[in-house]
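I'd like to ask some things about the structure below.
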Amino acid sequence: SSKPNVFTENNQRFLATLSDHAAVAIENARLFDLVLDEQTRTKFILQSIADGVYTVDCDLRILTFNPAAERITGWREDAVRGRLCCEILLDAERPGSSPQSHQVALIRRVLESGEPLSSDPDAPAILTATGEQVYISSSVSPLRARPRQGRENAVVGAVVAFRDVSAEREL
């Protein structure tokens, strides 16, 4: 209002509080947009990587599986998400749902030690979804909890990057 003394002191306090809440809501919306942009960028990067990448939790359940992982293994992300990696990444030498596969053993060592590891050069081939044998070279790193979750630096899973080295192994 352009007229003086139209608003009481209570009205002024109410409007000041309302404007503070509006400012917080606008800032939260801006931060939410930034987070969505970052998530989109990260997803785009993972989908663009030529190497297979998947993540697991501490129970060895697959959380994510990028398109290159789908191409190399023949498994689709929607078919593997939530499943145990020992059901998907089977050693060709020991088919069946063996919890002792090379991939599983590598991931477990990373989860226990909290240190990154790479697969052995003579690691056994894995079986694809169609039963073909593919030799892969893997690198596993721990996923750590965010500091604000109260478990600073706690290992909450692992990320596995791998590539098909079948042609190199044949040579």
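The values are calculated or read from the model by the stated rules, or taken from the named source; none is laboratory data. Values in this document were obtained by computation on a predicted structure and should not be read as measured data. All Cβ positions, glycine included, derive from the backbone under ideal geometry; neighbour counts span all protein chains shown. Side chains included, ligands, DNA and RNA excluded: accessible areas come from the protein's heavy atoms. Shrake-Rupley method; radii C 1.70, N 1.55, O 1.52, S 1.80 Å.
Restricting attention to the stretch 48-97, report how many residues are open to solvent by 40 Å² or more (accessible area, probe 1.4 Å) and part of a helix (DSSP H, G or I).
Summing the residues that are open to solvent by 40 Å² or more (accessible area, probe 1.4 Å) and part of a helix (DSSP H, G or I) in the stretch 48-97 gives 8.
Looking for something open to solvent by less than 50 Å² (accessible area, probe 1.4 Å), in contact with an Asp or Glu (Cβ under 7 Å, 6 or more places away or on another chain) and touching a residue at least 24 places away in the same chain (Cβ under 8 Å) - is there at least one such residue anywhere in the stretch 122-130?
Yes, the stretch 122-130 contains a residue that is open to solvent by less than 50 Å² (accessible area, probe 1.4 Å), in contact with an Asp or Glu (Cβ under 7 Å, 6 or more places away or on another chain) and touching a residue at least 24 places away in the same chain (Cβ under 8 Å).
Related question: So, F14, is that one surrounded by 10 or more Cβ atoms within 10 Å (Cβ to Cβ), among the hydrophobic types (A, V, I, L, M, F, W, C) and modelled with pLDDT under 85 or not?
no
In addition: Free of Cβ contacts under 8 Å to residues at least 60 places away in the same chain, out of contact with any Lys or Arg (no Cβ under 6 Å at 6 or more places or on another chain), outside any strand (DSSP E or B) and open to solvent by less than 30 Å² (accessible area, probe 1.4 Å): does that describe V140?
no
If you don't mind, there's one more thing I want to ask. Check the stretch 23-44 and report whether any residue there is open to solvent by less than 60 Å² (accessible area, probe 1.4 Å), among the acidic types (D, E) and over 16 Å from the mean Cα position of the chain (by Cα).
No - not one qualifying residue is present in the stretch 23-44.
Right, something else. Search the stretch 150-171 for residues that are modelled with pLDDT of 95 or more and pair each with any residue that is assigned to a helix (DSSP H, G or I) when their beta-carbon atoms are under 7 Å apart and the residues are at least 6 apart or on different chains.
That search, which allows pairs on different chains as well, returns A158/I107; A158/V110; A158/L111; V160/I107.
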